[in-house]
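Asker: The structure is given below, and queries will be raised subsequently.
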Amino acid sequence: MKPYTEYSKEELLSCKAELEQAYKEAQAKGLKLDMSRGKPAAVQLDMGMGLMEALTKGSAMKSESGIDTRNYGGMDGIPEAKQLMAGIMGIQDPDQVIVFGNASLPIMYDTISRSVTHGVMGSTPWCKLDQVKFLCPVPGYDRHFAITEHFGIEMINVPMTTDGPDMNVVEKLVSEDMSIKGIWCVPKYSNPQGITYSDETVRRMAALKPAAEDFRIFWDNAYAVHHLYDEDQDELLDMIAECEKAGNPDMVYEFASTSKVSFAGAGIAAMAASKANLDYVKKSMTIQTIGYDKVNQLRHVRYFKDMDGIREHMRKHAQIMRPKFEAVEDVLEKELSGLGIGNWVKPKGGYFITFEAMEGCAKSIVAKCKDAGVVLTKAGAPFPYGKDPKDSVIRIAPSFPTPEELAAATDLFVLCVKLASVEKLLEK
């Protein structure tokens, strides 16, 4: 197809008229679809309903170590749940894991909050410092950015490459500025681009020489087991092990959960870190809680059993997710390839497809979609403070709609991309 940038003004005006007519017809369909969040579809949730029967009235309620999961004790999680979460995160030693509650976001929030009020392993509490900054690979996860913004932490954009964050930028900033206290990372099938950090990126990050002694890598391994394909899967180095090898064992906190494996809001979540980090965390935990839901931990272990059980369950998820991703990618390829008005990444896993529109078009595309009945993630959301410098990145979440709804939503999306792009070119 001929790129829109090569159209004459007359051709653009003619194209605009045709697209506006098609858009009016799309509005008349009365669509009401929500693609704003990466939520599992109902059919995926149905796959895990056996979890509800993993424990019954007659079940033995003691863990392998003899802890009665109905009672107090075992604050850092039952051993078999620690083993399961270590497997999901790709960590060799379950003793480096604490199993918390139902989701990983509260763990990350508490970790930032603890650092603000009490510091990191004896360092000055962040609230007593004149400046606290965080590095934010962009585009990235909006809820990460919301946490640091909530605590008044200054966020610095770091460009993403196909191998992960631009490590030249990260290394320079971290080594020169002691007010930089951390970096947010979604290292496998990143939210929203679906990029997995290369071995070189992981090793360079593990070998960082930060000016701040309390600098930490917030390694949110949210999509560790969320592959779309059985054979063509990305691999990620174990950041805990790499930090140990590099002589920086205390520099990383790793997080993961089963929120998109079992049930959102009713899974189990964990943090992995060095013994020194975990010992410091436990000091606050003894005051904060008498223990997390060990019954739910036991339920998960009895149902999934081990990593083979997790992998088989996630294969079933992939059978639902893969056709949706491919359907969106096929429409994008068919309708937009060659027009020069957008690029997208074809991820091998995770929950999102990132579309990069022409500069200055993202807000317009999202607004047009909303006005025609399809709600997308707010333009700018994958950036700190909701500000996309180029107004070009749009996060597409294909997981929740039915295949029929997804087809209608994607057709509308490409129509809005074309219309917004033509309007932008006519402005110029």
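Asker: By the scheme Lys and Arg +1, Asp and Glu -1, what is the net charge of all other residues having a beta-carbon under 14 Å from that of Lys62?
Answerer: Result for the neighbourhood of Lys62: +1.
Asker: Moving on to the next point. If you project the alpha carbons of the stretch 1-95 onto their three principal axes, what span does each projection cover, largest first, in Å?
Answerer: 78, 33, 22
Asker: In whole angstrom, how far apart do the alpha carbon centroids of the stretch 368-412 and the stretch 240-299 sit?
Answerer: Comparing the Cα centres of the stretch 368-412 and the stretch 240-299, I get a distance of 32 Å.
Asker: Still on this structure, please answer the following. How many percent of Cα pairs in the stretch 127-277 exceed 27 Å?
Answerer: 19
Asker: If you count the DSSP beta bridges with both ends in the chain, what percent of them are antiparallel, to the nearest 5?
Answerer: Around 45 percent antiparallel, to the nearest 5.
Asker: Further question on the same structure: When only alpha-carbon atoms count, how far does the chain stretch along each of its three principal axes, as whole angstroms with the largest first?
Answerer: Result, largest extent first: 76, 56, 35 Å.
Asker: Now for a separate question. In the stretch 216-291, if every C-alpha pair distance is counted and binned at 5 Å from zero, what percent goes to each bin?
Answerer: For the stretch 216-291, the pair-distance distribution reads 3, 13, 19, 19, 19, 16, 7, 3, 1, 0.
Asker: Going by amide H atoms built from the backbone, whose H comes under 5 Å of the H on Thr161, apart from near neighbours?
Answerer: HN-HN under 5 Å from Thr161: Asp166.
Asker: A follow-up question, please. Can you compute the modelled spin-label distance between Arg315 and Ala327, with each label point 7 Å from Cα toward Cβ, in nm?
Answerer: A separation of 2.4 nm, rounded to one decimal place.
Asker: Okay, moving on. Under 30 Å Cα to Cα from Lys428, which lysines show up? Leave out anything in the same chain fewer than 8 places away.
Answerer: Within the straight-line limit of under 30 Å, Lys428 reaches these lysines: Lys2, Lys9, Lys16, Lys24, Lys334, Lys363, Lys368, Lys370, Lys378, Lys387, Lys390, Lys418.
Asker: Per residue, how much accessible area does the stretch 70-175 show when a 1.4 Å probe rolls over the protein heavy atoms, in square angstrom?
Answerer: Averaged over the residues of the stretch 70-175, the accessible area is 42 Å².
Asker: Can you list the lysines whose alpha carbon sits under 29 Å from that of Lys282, skipping same-chain ones fewer than 8 residues off?
Answerer: Lys62, Lys82, Lys128, Lys133, Lys181, Lys188, Lys209, Lys245, Lys260, Lys294, Lys305
Asker: From the C-alpha coordinates alone, can you work out the Kirkwood hydrodynamic radius of the stretch 286-428, in Å?
Answerer: 17.5
Asker: Using a 1.4 angstrom probe on heavy atoms only, work out the carbon and sulfur share of the accessible area of the stretch 280-400 in %.
Answerer: 50
Asker: Using a Gaussian network model on the chain with a 10 Å cutoff between Cα atoms, which of Ser59, Ser274, Ser113 fluctuates the most?
Answerer: Ser59
Asker: Okay, moving on. Which number do you get for Rg(Cα) / (2.2 N^0.38 Å) in the stretch 105-157?
Answerer: 1.11
Asker: Restricting attention to the stretch 41-71, which trypsin sites (Lys or Arg not before Pro) occupy a DSSP loop and are surrounded by at most 16 other Cβ atoms within 10 Å?
Answerer: Within the stretch 41-71, the qualifying trypsin sites (Lys or Arg not before Pro) (loop, at most 16 other Cβ atoms within 10 Å) are Lys57, Arg70.
Asker: Note the direction-averaged projected area, equal to a quarter of the hull surface, for the Cα convex hull of the stretch 362-419, in nm².
Answerer: Average projection, Cα convex hull of the stretch 362-419: 4.0 nm².
Asker: Any idea of the accessible area per residue across the stretch 293-426, 1.4 Å probe, to the nearest Å²?
Answerer: For the stretch 293-426, the solvent-accessible area averages 39 Å² per residue.
Asker: Measure off, as a whole percent, the carbon and sulfur share of the 1.4 Å-probe accessible area of the stretch 60-211, all protein chains present.
Answerer: Heavy-atom surface of the stretch 60-211 belonging to carbon and sulfur, 1.4 Å probe: 48 percent.
Asker: Still on this model: Helix by helix through the chain, keep the DSSP H runs that span 24 Å or more along the axis on Cα and average at least 0.5 on Kyte-Doolittle, and give those back in order.
Answerer: Sorted by number, the helices that extend far enough and score high enough are 403-427.
Asker: Hand me the GluC sites (Glu not before Pro) from the stretch 1-103 located in a DSSP loop with no more than 14 other Cβ atoms within 10 Å, in residue order please.
Answerer: Taking the stretch 1-103 and a limit of 14 other Cβ atoms within 10 Å, the loop GluC sites (Glu not before Pro) found are Glu64.
Asker: Per the Debye formula with a single identical scatterer at each Cα and no solvent contribution, what log10 I(q)/I(0) holds for the stretch 53-151 at q = 0.12 Å⁻¹?
Answerer: Each listed q maps to, in turn, -0.60.
The values are calculated or read from the model by the stated rules, or taken from the named source; none is laboratory data. Remember, predicted model here, so these are calculated numbers, not experimental data. For neighbour counting, all protein chains shown are included, and Cβ atoms are generated from backbone atoms with ideal geometry for every residue, glycine included. Note: areas computed on protein heavy atoms with side chains; ligands, DNA, RNA excluded. Shrake-Rupley method; radii C 1.70, N 1.55, O 1.52, S 1.80 Å.
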